[in-house]
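Take a look at the structure set out below.
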Amino acid sequence: MAITYPDHDVTSPAERAPRLPRRPAGGRATRSATLFLLPFGVLFAVMVLAPIGYALYESFFEVRRGGLGLSPAVAEFTGASNYVKALRDTDFMASILRVLLLGVVQVPVMLGLSLLLALLLDSRSARFRRTFRMIFFLPFAMPGAIAAIMWSFLYIPSVSPFTAGLRSIGLDVDFLSGGLAPVSIGNMMTWGWTGYNMLIIHSALQAIPRELYEAAVLDGCSGWRLAWHVKIPLVRPALILTMVFSIIGTAQLYTEPDILRRVASTVTATYTPIMASQYSANVNNYNFAAAQAVILAVLTFVLSFGFLKFVQRKGFGA
Amino acid sequence: MTTPAHTTDAPMSHQHTAGALTSRAGVLLVLTLFAIYTLVPPWWLLVTATKNKGYLFTTHGLWFSHFDLWTNIREVFQEQDGVFLRWMLNSVLYSVGGAAVGTLVSAMAGYALAKYAFRGRGLVFNVVLGAVLVPASMFALPLYLMFSATHLVNTYWAVFLPSIVSPFGVYLARVYAGAAVPDELLEAGRIDGAREAGIFWRISMPVMSPALVTIFLFQFVGIWNNYLLPVLMLSDDRLQPITVGLANWRAELNNGVPHSLTITGSLLSVIPLLIAFFVLQRYWRSGLTAGSVK
């Protein structure tokens, strides 16, 4: 049985306070609520808030080791020095630029495809809806790491049926060459997430009351015009949501390049910001790694909320 | 999730015109092309896992030949003293344990936010909502740095404890408890003299059970799929989950792990998950759509 959330509660859970029980009131209610919230609160504080505070704190220190390794290492407050170093670090800045470029190309392609597929599934001409929806959902049921391992085989010339197919028509393509590696990673992301985004958009399309179309249809508006003028504006909130998720996901890109790194030298150990930060930690430069992690968190926040503000100012917002 | 009845399939008078037929064929063509793109990689995985390992490089990748699946499976389980099974069990332990504890913790928190009036409730709920939007991968590195300093890395706890926290679970529990658990029921329990914990456990939990299944599923799959956190935390391969173990096999061709092991292992590792997905599809959709309108 599926869960049915009454619509009003799903659409505005934040704004709408639930009806309050008459009892228990005051102290007793607060005490009970505190006890119920305690396990989550403690875990949240220790596993989410504390690491952020810790990373922030550590990012302002540097470990100084004695010249000959005779005196013990001392942590020294160095202010913003780690941040200055990170912003001057060519590998780290290259990783940020790489991910930005990848996102600028891949996210619109993926979401355009998701929207197209959702509209086609929602259109009157669609057949075998359930089957297609199930197929498109399949990649979401596969762990990202396993999907990346699978694609890593499909990219190496000795095993790949694609390389073999292209060679038979005279094209010699190395999917993992320096120039094509970002495209190959973008393809893995598109394969993995188009169906998921399509499902979110499709659900939004199905939630539109059909009466809203009827007037437009009577006016002779159908097919692409109906999609463009009526449907797409109505699913704007879902599009914005998938866009924000995609921006965050791209900024945090890790699994796909980390798997490819194991089989291709063109994908370096500092290929994406998270990988660069992990690399710093692996060479025991914890304070520098902390600064990089903070920079990435701020960047992710600025990009996703910047996008939200942008669409709101432009009047596209929900 | 509520799905309005579709009227788009209803026969229309102009259905059989040439235009309608063309458009139907066009739609079908695009959907089919994307379905092929989606299905070819897993198809390749399935086909290749069945091949004798001597023929991976010489036969066509997309069709069967030299069927030797059972040997491949046996070799997967025998490699490195059965470490594959250990990885699978680790994944089950992290996922089932983390999701079970996490679901209970989320249910308690969501229930408290929905059913008790207390000061600061709005603030707590807004913090939870904000945390839903922040991906877990963002905390992974800071967590690793903190756990390194406290010598928690390379233990079961390093992966298990962070996996329990699920703001999304709290959010779902809060929405569902607010909508489905009637105040009158709690009131009746109080009049009968039941304690708050008893009311939660015996009255509210059963009412919330459909939402609990969804929360459990989402968290289970989230933990099962997790890669960054265990990669950072665990260097001992006896502690690693299946995702990390197979990724390491992938890189160990030169240390004597043939491709056939990684390929067959990958196939075996996704089968339980695929079954769970398609059997419990409705719960997925309800969770996804609830997530999409937050």
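The values are calculated or read from the model by the stated rules, or taken from the named source; none is laboratory data. Model, not experiment: these values are computed from the prediction. Methodologically, a virtual Cβ is constructed for each residue, glycine included, from the backbone with ideal geometry; neighbour enumeration extends over all protein chains shown. Only protein heavy atoms, including side chains, enter the accessible area calculation; ligands, DNA and RNA are left aside. Shrake-Rupley method; radii C 1.70, N 1.55, O 1.52, S 1.80 Å.
Worth a mention:
- Candidates A:Ser81, A:Ser59, A:Ser32, filtered to the one that is more than 21 Å from the chain's Cα centre (by Cα) and away from every other protein chain (no Cβ under 14 Å): A:Ser81
- Given (1) more than 8 Å from every other protein chain (Cβ to nearest Cβ); (2) without any contact (Cβ under 8 Å) to a residue 40 or more places away in the chain; (3) small (Gly, Ala, Ser), number of the condition B:Ala107 does not satisfy: (2)
- When we screen B:Ala114, B:Ala109, B:Ala140 for residues that are open to solvent by less than 10 Å² (accessible area, probe 1.4 Å) and touching a Phe, Trp or Tyr at 6+ places or on another chain (Cβ under 6 Å), the only hit is B:Ala109.
- Residues located in region B:35-65, provided they are open to solvent by less than 30 Å² (accessible area, probe 1.4 Å) and facing another protein chain (nearest Cβ under 9 Å): B:Ala35, B:Thr38, B:Pro41, B:Pro42, B:Trp44, B:Leu45, B:Thr48, B:Leu56, B:Gly61
- Condition met for B:Thr32 (closer than 24 Å to A:Met189 by Cβ and open to solvent by less than 30 Å² (accessible area, probe 1.4 Å)): no
- Condition met for A:Ser114 (open to solvent by 20 Å² or more (accessible area, probe 1.4 Å) and either in contact (Cβ under 8 Å) with a residue 60 or more places away in the chain or basic (Lys, Arg) (or both)): no
- Filter pass, A:Ala215 being buried (at least 18 other Cβ atoms within 10 Å of the Cβ), more than 28 Å from A:Leu102 (Cα to Cα) and small (Gly, Ala, Ser): no
- Within region A:266-279, being open to solvent by 10 Å² or more (accessible area, probe 1.4 Å) and assigned to a helix (DSSP H, G or I) holds for A:Gln278, A:Tyr279.
- Residues that are among the aliphatic types (A, V, I, L, M) and over 30 Å from B:Leu217 (Cβ atoms) are absent from region A:110-132.
- Check on B:Thr32, in a helix (DSSP H, G or I), closer than 30 Å to A:Arg124 by Cβ and either at pLDDT below 90 or within 10 Å of chain A (Cβ to nearest Cβ) (or both): yes
- Residues of region B:186-208 that turn out to be more than 10 Å from chain A (Cβ to nearest Cβ), in a helix (DSSP H, G or I) and open to solvent by 20 Å² or more (accessible area, probe 1.4 Å), as a count: 7
- Test: residue in region B:121-134 that is open to solvent by 40 Å² or more (accessible area, probe 1.4 Å) and over 26 Å from A:Val294 (Cβ atoms): yes
- Count of region A:119-143 residues, restricted to those that are assigned to a helix (DSSP H, G or I) and either closer than 27 Å to B:Ile263 by Cα or under 20 Å from the mean Cα position of the chain (by Cα) (or both), is 11.
- Every residue from region A:144-177 that is over 23 Å from the mean Cα position of the chain (by Cα) and part of a helix (DSSP H, G or I): A:Phe153, A:Leu154, A:Tyr155, A:Pro161, A:Phe162, A:Thr163, A:Ala164, A:Gly165, A:Leu166, A:Arg167, A:Ser168
- The sole residue among A:Ile247, A:Ile232 that is surrounded by fewer than 20 Cβ atoms within 10 Å (Cβ to Cβ) and touching a helix residue (DSSP H, G or I) at 6+ places or on another chain (Cβ under 6 Å) is A:Ile247.
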